[in-house]
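First comes the structure, then the notes that go with it.
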Amino acid sequence: MKTILISAAVGSVALIGAIALAQQPAAGSLAEITVSASRMNAKPVVSTVGWPRTPVNEVTLSYAISAAGLDLTTDAGKADLEKRVRDAAMDVCKEIGRQYPDSTPDDAACAKAAASKAMVKVRKLVTAAEVAAAK
């Protein structure tokens, strides 16, 4: 199964990617969360990237968000970060759906799966913040 990673620097994704990158802290920061979503194409699309030209069955797109500026020891800070993750998950899935309308699953199921994967990092960040605050 061939996979393609749509870069935030390509086509109409550039603006959305720029917004996500503007929120991103320095590379390698612990406060960065990557929200990734994958959808399958019902009708494989022939890639215009690379050689040979092969059908693309799965499309993956990722957005980076930041926890910078949030107090993760408070309920409000945790809720804000979780909202950022859910919103980014829905945005990334809608963008894939816009570019590949025949892809599955639908936006809601895609976003739920993408947010669930990213929440693992959210929990780690919250735990780290709580441990640091307890010292």
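No value in this document is a laboratory result; all are computed from the given coordinates. None of these values were measured; they are calculated from a predicted model. Virtual Cβ from ideal backbone geometry, glycine too; neighbours counted across all protein chains shown.
In terms of its C-alpha gyration tensor, the range 75-133 has a prolate overall shape, because the principal axis ratio a/c (a ≥ b ≥ c, square roots of the eigenvalues) is not below 1.5 and a/b outweighs b/c. For residue 78, the lysines whose Cα comes closer than 21 Å to its Cα, not counting residues fewer than 8 places off in the same chain, are 112, 117, 121, 124, 135. In order along the range 116-126, the phi-based Karplus estimate (6.51 cos²θ - 1.76 cosθ + 1.60, θ = phi - 60°) of 3J(HN,Hα) comes to 4, 5, 6, 5, 4, 5, 4, 4, 5, 5, 5 Hz; Gly and Pro are listed as x. Under 5 Å between amide hydrogens, built in the peptide plane, is the criterion, and for residue 72 it picks out nothing among residues at least 5 positions away or on other chains. Stretching residue 46 away from residue 133 to a fully extended chain increases their span by 26.2 nm, per 0.36 nm per residue minus the current alpha-carbon distance. Spin-label model, residue 112/residue 79: points 7 Å from Cα along the beta carbon direction are separated by 2.3 nm. The shape of the range 31-135 comes out prolate: with a ≥ b ≥ c from the C-alpha gyration tensor, a/c is at least 1.5 and a/b beats b/c.
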